[in-house]
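The values are calculated or read from the model by the stated rules, or taken from the named source; none is laboratory data. Keep in mind the model is a prediction, meaning the values are calculated, not measured. Every residue, glycine among them, receives a Cβ derived from its backbone with ideal geometry; neighbour counts consider all protein chains shown.
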Amino acid sequence: MKLMMKKIILAALVAIVLLAAASIWLGGSAIPPCALPNAASAISRLDDAPPVLVRALVERVGEVVPAGAKFDATDVAWTGKNRRLIFVWNLNNRWVIATEHGGIGYNDPIFAFDMSQDGREAVLLQERIAFPDSVCSTASSLLALRNDGRGS
């Protein structure tokens, strides 16, 4: 009887894990929409961002697929892509890029870059790891970061 109960519990746990993985893979995690901070602008495609900024991001993390595109949110590889864009915010020379990172431990890395005045260089100020419920607050705090990389 005990063995049968253990098998049922194990089967239920496996089913829950598979359903969660399928949900994330098919639709991504449930990242709530973020209110755009005052005076900031947003873009939803890396193709619309300055090329030097995109190059700095890709050199750091590799290819990032567009927002909404299929990617490998779990450690089960279907697409071979484990990074996906959430959004890009800009305020003056500050650029904040929110991404999803799939794998064994799904997370949402958020990057703050400052662009040089001549637009030829994008300097990474900070990278913070968020999760779906903290993407908006993390991105907002990075947008408000002082130029020395410390809090506002």
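Kindly state which strands (runs of 3 or more DSSP E) lie completely within the stretch 53-142 and contain at least 2 residues that are closer than 18 Å to Leu36 by Cα.
Ranges flagged: 83-91, 94-101, 108-115.
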Restricted to the stretch 1-50, and to residues that are at pLDDT 90 or above and in a helix (DSSP H, G or I), which residue is nearest to Phe131 (Cα to Cα)? Leu46
Residue among Asn92, Asn107 that alone is loosely packed, with under 13 Cβ neighbours inside 10 Å and within 21 Å of Leu142 (Cα to Cα): Asn92
Selection within the stretch 110-131 - surrounded by 14 or more Cβ atoms within 10 Å (Cβ to Cβ) and modelled with pLDDT under 95: none
Looking at (1) under 21 Å from Asp47 (Cβ atoms); (2) modelled with pLDDT under 95; (3) polar (S, T, N, Q), which is the one condition that is false for Thr99? (2)
Please verify whether Val65 is of a type outside the set (Phe, Trp, Tyr), crowded, with 16+ Cβ neighbours inside 10 Å, modelled with pLDDT of 90 or more and touching a Lys or Arg at 6+ places or on another chain (Cβ under 6 Å), treating the condition exactly as stated. yes
Tabulated pairs, the stretch 51-65, first closer than 13 Å to Glu100 by Cβ, second at pLDDT below 95 and among the hydrophobic types (A, V, I, L, M, F, W, C), C-beta under 7 angstrom, 6+ apart or interchain: Val65/Phe71
